[in-house]
Amino acid sequence: MKARTALLVLIVALLGYLAFFNFASLAQDVPMSLGFTEIHGPLGLVMLALSALMAAIFLAYVIAMQATWLLEVRSHNKALQAQRELAEKAEISRFTDLRGALDDKQQQLEKRLMERIDALENHLKARAQESDNVHAAYIGQLEEQLRSKPGQE
């Protein structure tokens with residue numbers, strides 16, 4: 001129990017204790033002035049009833065404040081949850097967009113790589129063909145030289 005609650009319970013218990021054991025004094029008929037008139041009645045019971053009324057009003061006020069606070073907290077939580085869901089959806093959307101952009105970039109890079117490989121392959125084929133032609137020419141020259149020199153030996 002919190003200290004304030006314990007203090008309030010102690011005060012109410014003390015008030016009840018005093019009222020119970022001094023009920024005769026509280027119920028004693030005395031003259032009471034209301035400012036414009038004077039009446040006879042039990043001043044102690046009137047004061048006790050006013051104290052109880054004040055405590056009831058205070059309790060109702062505290063309960064109303066707590067209820068208002070709880071409703072505000074609930075509405076804030078709903079708004080916070082809605083904002084959280086909106087942020088999550090936006091984050092998912094950003095991830096989807098990022099994935100699409102990365103896929104596009106990957107496809108572009110793959111296309112450039114394949115074009116480069118094709119160009120290198122064509123260049124290699126051309127060089128191989130050129131090398132074959134050069135070798136064929138050398139072999140042809142050697143054959144020509146061999147045919148023309150057999151009689152000179």
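Laboratory data are not the source of any read-out in this text; all were calculated from the coordinates shown. Here the structure is a predicted model, which means the values were calculated and not measured. As a convention, Cβ positions derive from the backbone with ideal geometry for all residues, glycine included, and neighbour counts pool all protein chains shown.
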Looking for whichever is among the β-branched types (Val, Ile, Thr), assigned to a helix (DSSP H, G or I), without any contact (Cβ under 8 Å) to a residue 40 or more places away in the chain and closer than 30 Å to Ala24 by Cα here; the options are Val73, Val46. Which one fits?
-> Val46
Hey, Glu38 free of Cβ contacts under 8 Å to residues at least 40 places away in the same chain and in contact with a strand residue (DSSP E or B) (Cβ under 7 Å, 6 or more places away or on another chain) or not = yes
So which residues in segment 23-51 are out of contact with any Leu (no Cβ under 9 Å at 6 or more places or on another chain) and closer than 21 Å to Leu8 by Cβ, if there are any at all?
-> Ala49, Leu50
